[in-house]
Amino acid sequence: GPVLVPILGDQLSPDISSLADRKPDDTVILMMEVAEETTYVLHHKAKIALILSAMRHFAKELCEAGWTVDYVRLDDPENTGSFTGEVARAIARHDVRGVQVTEPGEWRVRQAMEQWRTDLPVRVRILPDTRFICPLPDFFEWAAGRRELRMEWFYREMRRKTGLLMDGDKPMGGRWNFDAENRRGPEKSLAPPVLPAFKPDEVTHEVLQMVAERFDRHFGSLGNFAWPVCRAEAEQARDAFLKDRLPMFGRYQDAMVTGQDFLFHAALSPAINIGLLDPLDLCRRAEMEWREGRAPLEAVEGFIRQIIGWREYIRGMYWLEMPALAEANGLDAHRPLPDFYWTGDTQMHCIAECVRTTRDNAYAHHIQRLMVLGNFALLAGLDPREVAEWYLIVFADAYEWVELPNVAGMILHADKGRLASKPYAASGAYIDRMSDYCGKCTYDVKQKTGPGACPFNALYWHFLARNENHLSSYHRLAQPYATWRRMDEDRRDEYIASAELFLNSLSQKP
Ligand code: FAD
Ligand code: DLZ
Ligand code: SF4
C-alpha cells in the first residue's frame with residue numbers, strides 16, 4: 001500500500017518536510033478536523049474558523065496539484081475525535097505501509113506521536129519541521145554550556161547564518177540592532193493604512209456557520225472575520241504590509257491607540273504560524289524593501305529581528321524547557337484570572353481596550369500583549385497556568401510553542417529569568433507614554449494611591465515589594481529597589497494598602 005502523510009492544521013505548506021520525498025502515486029495525505037484539537041482549550045471562535053477554513057483550502061490546492069487527500073471533516077459520523085484515532089483508522093482504510101509526518105509544534109501532540117511508534121501497526125517516521133530557520137539540534141547546541149541564553153546573541157548568529165542585512169561579516173549600517181529608534185509613542189494624527197480584509201468565500205462561509213453553531217460557548221466574535229485563509233490571500237496580505245506599513249513599522253512598534261487595532265504591525269502571525277507564509281522568504285522580501293530604498297533600515301531590521309530573532313529563539317526555548325515550562329511558577333503567583341480578561345468589564349481603559357480588540361479580532365499587537373495584558377498579570381500575581389491558557393485561547397496565532405515561552409518567560413518571569421533578563425514590570429506612566437489610553441480612563445494615571453489612582457501605580461510597588469527576595473539581586477532592578485528603600489515608611493504603607501484594596505476587589509465576584 002501507499003505511505004500515509006498526516007498534515008496537521010498548522011502544517012499547511014506545500015514544501016512541508018513530510019512531503020519532500022513523496023510522489024503523488026504512492027502517497028495518501030490525511031487531513032483531520034478533530035474534536036480534541038478544537039477543544040483541548042476552548043479556542044476563540046475565529047481561531048478555529050481560520051484553521052479549519054485554511055485546512056479546507058489547502059486540501060483543495062493539494063488535490064489540484066495531483067495529490068490524493070483523505071479529508072476527515074468534524075461532522076463525519078465516523079470521526080474518532082483525535083489525531084491518533086484518525087491515523088489508525090486511515091491506516092486500515094488505505095492499507096498503508098508506513099506513516100510519515102512532520103514533527104508537531106506542540107509538546108502534547110509530540111507525546112501522542114511518539115506513542116504511534118509503539119501503538120500503530122506500521123513504521124512511523126517523524127521528520128524535522130524545516131520551515132523554522134534554526135534546526136532544534138543547532139539551538140540546543142547554541143544553548144549548551146551558556147550561562148545566559150539571551151535573544152540578542154542568538155539573533156546575531158541567525159543574521160550571520162541567513163546573511164540577512166549583512167555586509168560580509170558585519171551588520172548593515174554598522175549596528176545589529178536599531179531598537180533605540182523604535183520607541184515612539186502615539187502621535188496625534190497617526191493614521192495607519194487599513195489592512196486588506198478578505199471576504200469569506202463559500203468554503204469560509206460554511207466553516208463560519210459550523211463554528212458559530214458548534215462552538216457558540218467559546219470566547220470571541222466572528223463578525224469581523226477577515227484573516228487570509230489561503231496562500232494567495234496571505235501573499236496579498238504580505239505585499240500590502242511590505243508596501244504600506246513596513247516603512248513605519250519600527251517607529252511605532254511600541255505605540256497603542258484606542259480603536260487602532262493593528263497600527264503598523266504586520267498582522268501576519270496567524271498566516272505564518274499555520275504555514276501560509278514562509279518566514280525566511282518574508283524576511284528576504286522585507287530586506288529587498290530596504291535595498292530598493294522603499295523602507296528605512298531601522299524598520300526592516302526591527303521586523304527581521306522579530307522573525308529570525310524572537311520567533312526562532314522562542315521556539316528553541318520551548319523545546320529546551322518543556323515539559324517543566326508548563327508548570328513553572330518561579331514567583332509563586334496564585335491569583336485566579338479576573339473575569340475582565342473575558343468580558344473587558346473593568347474601569348481600566350487600557351485593559352478594556354486590549355480585551356475588546358482580542359475579542360473582536362482574535363488579535364492584539366505585541367505591546368498590548370506585553371505591557372498591558374501581560375504587565376497586569378505580572379503585577380497582580382496571576383497564576384501562570386491560567387494566564388497561559390487564556391493566551392492560548394484568545395489569539396488566532398496561538399500555539400503552545402510560541403505562546404508559552406512568551407507567557408511564562410517574557411511576561412510572568414515564571415522561569416526565573418531563563419528567557420528575559422528582567423521582568424517587564426511597569427507602572428501607569430509607561431502606558432501613558434506609549435498610548436492614548438489614560439486620557440480616556442476613569443482612573444488618574446498621575447495619582448499614586450487611593451481609589452481614583454491608576455491601579456498599575458500601586459501594583460508596581462506591591463509587585464517589587466512582595467518579590468524582593470526573588471528580584472532584588474537583579475542588576476536591572478537596582479534602581480527601583482533603591483527608590484523603594486528610600487521612600488518613607490508611611491508612603492510605602494500607602495502603596496501596599498492601596499494595592500491590597502485593589503487586589504481584594506478582584507476576587508469579589510459580582
Ligand atoms: P509584528 O509586530 O508585525 O511582528 C512580526 C512578526 O514577528 C510576527 O508576525 C511574529 O511572527 C514575530 N514575532 C514578534 N514577536 C514575537 C515573539 N515575542 N515571539 C514569537 N514571534 C514573534 N506570537 C504568536 O505568533 N503566537 C502567540 O501565541 C503569541 N503569544 C504571545 C504572548 C505574549 C504574552 C506576548 C508578549 C507575545 C506573544 N506573541 C505571540 C508574540 C507577538 O506578540 C505576536 O507574534 C505578534 O503580536 C503578532 O502580530 P504581528 O504579526 O502583527 O506582529
Ligand atoms: C488549533 C487546531 C484546531 C482548532 N483544530 C485543528 C484540527 O481540527 N485539525 C488539525 O489538524 N489541527 C487543528 N489545530 C491545530 C493543531 O492543534 C496543531 O497542529 C497542533 O497543536 C500541533 O501544533
Ligand atoms: Fe490603564 Fe492606568 Fe492609564 Fe487607566 S490610567 S488607562 S488603568 S494605565
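Throughout, read-outs are computed from the coordinates displayed, never taken from laboratory work. In this text the structure is predicted, and so the values were computed from the model without any measurement. Here Cβ is always computed from backbone atoms with ideal geometry, including for glycine, and neighbour counts include all displayed protein chains.
Can you show me the helix-derived [θ] at 222 nm for the chain, built from DSSP H runs with n ≥ 4 at -39,500 (n - 2.57) apiece and divided by the number of residues, rounded to the nearest 500.
Details: 23 runs with 224 residues, N = 510.
One gets -13000 deg cm²/dmol as the mean residue ellipticity at 222 nm.
Quick one: Cα centre-to-centre distance for region 213-250 and region 383-435, in angstrom?
Each part's Cα centre sits 22 Å from the other's.
Limiting things to C-alpha atoms, what are the Rg and the maximum Cα-Cα separation (Dmax) for region 340-507, in angstroms?
When restricted to the Cα atoms of region 340-507, Rg and Dmax are 15.6, 47 Å.
Assign unit charges at the C-beta atoms only (+1 for Lys and Arg, -1 for Asp and Glu), then state the dipole size of region 340-507 relative to its Cα centre in Debye, rounded to the nearest 20.
Working: 17 positive and 20 negative charges, 106 e Å.
Charge dipole of region 340-507: 520 debye, to the nearest 20.
In the chain, which helices (entire DSSP H runs) extend 27 Å or more along their own long axis, judged by Cα positions, while averaging at least -0.5 on the Kyte-Doolittle scale? Can you show the working numbers first?
On the way: long enough: 45-64 (29 Å, 0.38); 489-507 (28 Å, -0.60).
Length and hydropathy pass: 45-64.
Residue farthest toward the positive end of the dipole of the chain, with Cβ of Lys/Arg at +1 and Asp/Glu at -1: which of Gly417, Ala226, Val211?
Gly417
Label Ala497 and Ala429 with points 7 Å out from Cα along Cα→Cβ: what is the distance between them in nm?
Using points 7 Å along Cα→Cβ, the separation is 2.4 nm.
Would you grab the residues whose amide H sits under 5 Å from the one on Asp70? Only those 5+ places off in sequence or on another chain, please, with H modelled 1.01 Å from N.
Amide H neighbours of Asp70: Ile29, Leu30, Met31.
Given N residues in the chain, what is its alpha carbon radius of gyration divided by 2.2 N^0.38 Å? Walk me through the intermediate numbers first.
Working: Rg = 23.6 Å, N = 510, 2.2 N^0.38 = 23.5 Å.
For the chain, the normalised Cα radius of gyration is 1.00.
Which residue, chosen from Thr68, Leu50, Leu8, occupies the Cα position most advanced towards the positive end of the dipole of region 3-127, where the dipole is computed from +1 (Lys, Arg) and -1 (Asp, Glu) charges on Cβ about the Cα centre?
Comparing the listed Cα positions along the dipole, Leu8 ranks first.
So who's got an amide H within less than 5 Å of the one on Gln260, skipping anything under 5 residues away but keeping other chains? H placed 1.01 Å off N, in plane.
none
Cα centroids of region 270-342 and region 354-373: how far apart, whole angstrom?
The distance from the Cα centre of region 270-342 to that of region 354-373 comes to 15 Å.
Sticking with the crude label model, points 7 Å out along Cα→Cβ, report the distance from Asn177 to Asn329 in nm, one decimal please.
Distance between label points: 3.2 nm.
Can you give the longest stretch of the chain with no exposed loop site, where a site means GluC sites (Glu not before Pro) in a DSSP loop (not H, G, I, E or B) with at most 15 other C-beta atoms within 10 Å? Walk me through the numbers before you get to the answer.
Working: sites that count: Glu78, Glu148, Glu187, Glu292.
Value returned for the longest uninterrupted segment is 293-510.
Tally Lys/Arg at +1 and Asp/Glu at -1 over every other residue whose Cβ is under 14 Å from the Cβ of Gln100; what's the total? Write out the running numbers ahead of the final one.
Values: positive: Arg22, Lys23, Arg97, Arg117, Arg123, Arg125; negative: Asp21, Asp26, Glu103, Asp129.
Its environment carries a net charge of +2.
Lysines within cross-link reach of Lys440: Cα-Cα under 19 Å, excluding same-chain residues under 8 positions apart?
Candidates past the 8-residue exclusion: Lys188, Lys448.
Thr343 to Asp119: FRET efficiency via 1/(1 + (r/R0)^6), r the Cβ-Cβ distance, R0 35 Å, to the nearest 0.05?
Numbers: r = 43 Å, r/R0 = 1.22.
Given R0 = 35 Å and the Cβ-Cβ separation, E is 0.25.
Give the value in nm², to one decimal: projected area of the alpha carbon convex hull of region 449-510, averaged over all directions.
Taking the Cα atoms of region 449-510, their convex hull projects to 4.8 nm² on average.
With the Cα gyration tensor of region 139-277 in hand, convert its eigenvalues to equivalent ellipsoid semi-axes via √(5λ) and list them largest first in whole Å.
Values for region 139-277, descending: 34, 22, 16 Å.
Tell me, Leu477, Leu50 in order of fewest to most beta-carbon neighbours within 10 Å?
Numbers: Leu477 18, Leu50 27.
Least to most surrounded, the residues fall as Leu477, Leu50.
Might you report the magnitude of the Cβ-based charge dipole of region 1-131 about its Cα centre, with Lys and Arg at +1 and Asp and Glu at -1, to the nearest 20 debye?
Values: 16 positive and 21 negative charges, 27 e Å.
Using Cβ point charges on Lys, Arg, Asp and Glu, region 1-131 gives about 140 debye.
Under a Cβ-only charge scheme (Lys and Arg +1, Asp and Glu -1), can you give me the dipole magnitude of the chain about the Cα centre, in debye to the nearest 20? It would help to have the intermediate numbers written out before the result.
Values: 62 positive and 74 negative charges, 271 e Å.
The calculation lands at about 1300 debye.
Please give every one of the lysines within straight-line cross-link reach of Lys45, meaning a C-alpha to C-alpha distance under 20 Å, and leave out same-chain neighbours fewer than 8 residues apart.
List returned: Lys199.
Fewest to most neighbouring Cβ within 10 Å: what's the order for Thr442, Thr204?
Arranged by neighbour count, lowest to highest, Thr442, Thr204 become Thr442, Thr204.
In percent, what relative contact order does the chain have, based on Cα pairs under 8 Å that are 6 or more apart in sequence? Kindly include the intermediate steps, with their values, before the conclusion.
Working: 784 pairs, mean separation 80.9, N = 510.
For the chain, the relative contact order is 16 percent.
Loop only by DSSP, 14 or fewer other Cβ within 10 Å of the Cβ. Give me the trypsin sites (Lys or Arg not before Pro) in region 430-496 that pass, ordered by residue number. Don't skip to the end; give the middle numbers.
Numbers: sites: Arg433, Lys440, Lys446, Lys448, Arg466, Arg476, Arg485, Arg486, Arg491, Arg492; in loops: Lys446, Lys448.
Sparse-neighbourhood loop trypsin sites (Lys or Arg not before Pro): Lys446.
Return the distance in nm (one decimal) between the two label points of a simple spin-label model at Glu292 and Thr130, each offset 7 Å from Cα along Cα→Cβ.
Reported label-point gap for Glu292 and Thr130 is 2.8 nm.
Would you please give the FRET efficiency between Ser473 and Glu78, computed as 1/(1 + (r/R0)^6) with r the Cβ-Cβ distance and R0 = 56 Å, to the nearest 0.05?
Calculated transfer efficiency: 0.45.
Pull up the DSSP beta bridges for the chain and report the antiparallel fraction as a percent, rounded to 5. Could the numbers behind the result be given before it?
Values: 3 of 22 bridges.
In the chain, DSSP labels about 15 percent of beta bridges as antiparallel.
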